[in-house]
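**Student:** Dropping a structure here in structure tokens format, bear with me for questions.
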Amino acid sequence: MAKIIDISMEIKEGMIFYPGDPEIKIKKYLSIPKDPVNLSTLNFGSHTGTHIDSGLHIKKKGRSTSKLPLNSFYGKCKVLDLTKAGKEIKKQHLEKYNLEKDDIVLLKTQNSKKQYNKFRKDFTHISEEAAEYLAEKKIKTIGVDYLSVSKFNTKNKVHEILIKNMTVFEGLNLSKVKQGEYIFAGLPLKINCDGAPARVILIKN
Ligand SMILES: [Zn+2]
């Protein structure tokens, strides 16, 4: 039987969020027995927890999340163990792997060991050169194990290069995932927006 691994963060009050983003609020709007049903209001940023980015995130007239290709949400996936690569993922770390056109590539880094308990500014990120390499390889989707692909508080082209050339998943929980090949399924909410939370699973046959 296929093994399914949930690599999504749970969206809940008190969870971590990127500095400057809105805090996560989930409130009861209707409650049993006072009301006939339980129903809540969800209040949080479009880049909360496990989510995708789209062009609109970084460009005024960029593409919205609902326009991203469905085939970038599903398919053959390679999880790379880069937990020993340090704080910056460089091109040389990726060159060791056989990355092919239309691959979905997930980077498991030091972040996975430290988890998502509180926001760390020194999270492991992707270098510009590594982002260009991923684009050159024509992979269709990249996924990272922290809330951003690029270095904290630094102006560079990492977001731009990745978003322009592939679908970007951030905030994956890869702590229980070993290096190897899987089937990836990550479905973001269909919202016309700059980002959208997603439920993401890996399937191992
Ligand atoms: Zn984002």
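**Student:** Scan segment 74-82 and tell me whether some residue there is assigned to a loop (DSSP other than H, G, I, E, B) and over 15 Å from L172 (Cβ atoms).
**Tutor:** no
**Student:** Within segment 43-79, which residues are more than 16 Å from the ligand (Cβ to nearest atom), surrounded by fewer than 20 Cβ atoms within 10 Å (Cβ to Cβ) and hydrophobic (A, V, I, L, M, F, W, C)?
**Tutor:** L70
**Student:** Quick one: what pairs do we get from segment 36-62, first residue farther than 22 Å from G186 by Cα, second of a type in the set (F, W, Y), C-beta under 6 Å, 6+ apart or different chains?
**Tutor:** Final answer for the pair search is L39/Y29; S40/Y29; T41/Y29.
**Student:** So, in segment 125-143, how many residues would count as being within 16 Å of the ligand (Cβ to nearest atom) and open to solvent by 10 Å² or more (accessible area, probe 1.4 Å)?
**Tutor:** Residues flagged as within 16 Å of the ligand (Cβ to nearest atom) and open to solvent by 10 Å² or more (accessible area, probe 1.4 Å) within segment 125-143 amount to 1.
The values are calculated or read from the model by the stated rules, or taken from the named source; none is laboratory data. Not measured: the values here are computed from a predicted model. With ideal geometry, Cβ positions are generated from the backbone for all residues, glycine too; neighbour counts draw on all protein chains shown. The accessibility values were calculated without ligands, DNA or RNA, using every heavy atom of the protein model including side chains. Shrake-Rupley method; radii C 1.70, N 1.55, O 1.52, S 1.80 Å.
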